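Following: one structure in structure tokens, then a few remarks.
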Amino acid sequence: MALSTSIPAHCSLVEQDRIAALLKNEYRSVLLRLGVLNPGELLARSMASGHNRFTGRGTLASLPLEASDGARVVVKQCLRGGLIRYLSSDLFCGGHRPFDEMRANRTIIERGVKTAEVIAAIKEHVFGPFYRAYLFSLELSGCIDLMSYLNQLQDKSRAQRFRAKAGIFEALAHAFSAMHRSGIYHRDLHLKNVLLRDVTPHRAPEVFIIDFDRALVKPALHPWEKLNNLMRFNRSIEKFRAYSGLAVTRGDQMRLCRAYLAENGDAARLLPRALRQYRVMTKLRMMKWGFRARTGY
């Protein structure tokens, strides 16, 4: 697979049959014993045995890492989103997508963004230029994704929901600001890609941002890119509210935006333009989301 010139110094490439695995050196032995060179079978076996599971785009397995003081690894098969998923949800063509994401992950962590550490990236050749992709990341213990947390609040009273959400959206704004100051543009910033730890009333939780698939890593972001990313997250709120009556109010969204703009004055001057575009695009998407909610397509 001609990757020798792009293998990071802290990693090694292991090839076997149809598999090419980029492994972080300090985890190489334990990952090989785990079965990283047969990721499809490992994932299927983990699902059947009832290991911890997470849901995102597909199902993820959480497995213990041998002799690692309780650390666990999350196994994820990369799947396509958008309309192309109806043609091929798990096949990728050309390039080295999982390896690119692993390299970007190291840069993102070095820039101070709180995220899960990718310790292995796998390409499984299928035919021609087509392959399947897998990522192995260290599990962030004690976390809950923002979508799941908000869903837990649906049956609470209005006062209980208000107390439970106190400080969360300000913490999100701070985390997004830190990510953008680091020159990171998250192409898929939504509720399921935000994890919370130590969520207690009247206290800001610790925020992690995950799944930097095809993220842009730049010296600095333009103010318009910052706002576009923020609006992308707000669209995910509108989407899930349309599907499931998500426990997020317009007031919550305003708190997020105000707190973000307080830290990003350069983006504030572009807000009127961004809001006009956001309203138009959201109306169009609301029609699509409403149709999907009614029909299941």
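The values are calculated or read from the model by the stated rules, or taken from the named source; none is laboratory data. Here the structure is a predicted model, which is why all the values come from computation and not from measurement. Cβ placement follows ideal geometry from the backbone for every residue including glycine, while neighbour counts extend to all protein chains displayed. Ligands, DNA and RNA are stripped out before the accessible areas are found, and what is left, the full protein with its side chains, is counted by its heavy atoms. Shrake-Rupley method; radii C 1.70, N 1.55, O 1.52, S 1.80 Å.
Okay, here's what the table says:
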| quantity | calculated |
| --- | --- |
| Whichever residue in the stretch 158-180 is in contact (Cβ under 8 Å) with a residue 24 or more places away in the chain and basic (Lys, Arg) and, among such residues, is nearest to Thr115 (Cα to Cα) | Lys165 |
| Residues (in a loop (DSSP other than H, G, I, E, B), at pLDDT 80 or above and open to solvent by 50 Å² or more (accessible area, probe 1.4 Å)) located in the stretch 242-297 | Thr249, Arg269 |
| Residue count for the stretch 184-209, restricted to those that are in a loop (DSSP other than H, G, I, E, B), surrounded by fewer than 22 Cβ atoms within 10 Å (Cβ to Cβ), within 17 Å of the chain's Cα centre (by Cα) and not acidic (Asp, Glu) | 2 |
| Candidates Ala61, Ala48, Ala71, filtered to the one that is modelled with pLDDT under 90 and open to solvent by 40 Å² or more (accessible area, probe 1.4 Å) | Ala48 |
| Selection within the stretch 168-202 - at positive phi and modelled with pLDDT of 95 or more | Gly183 |
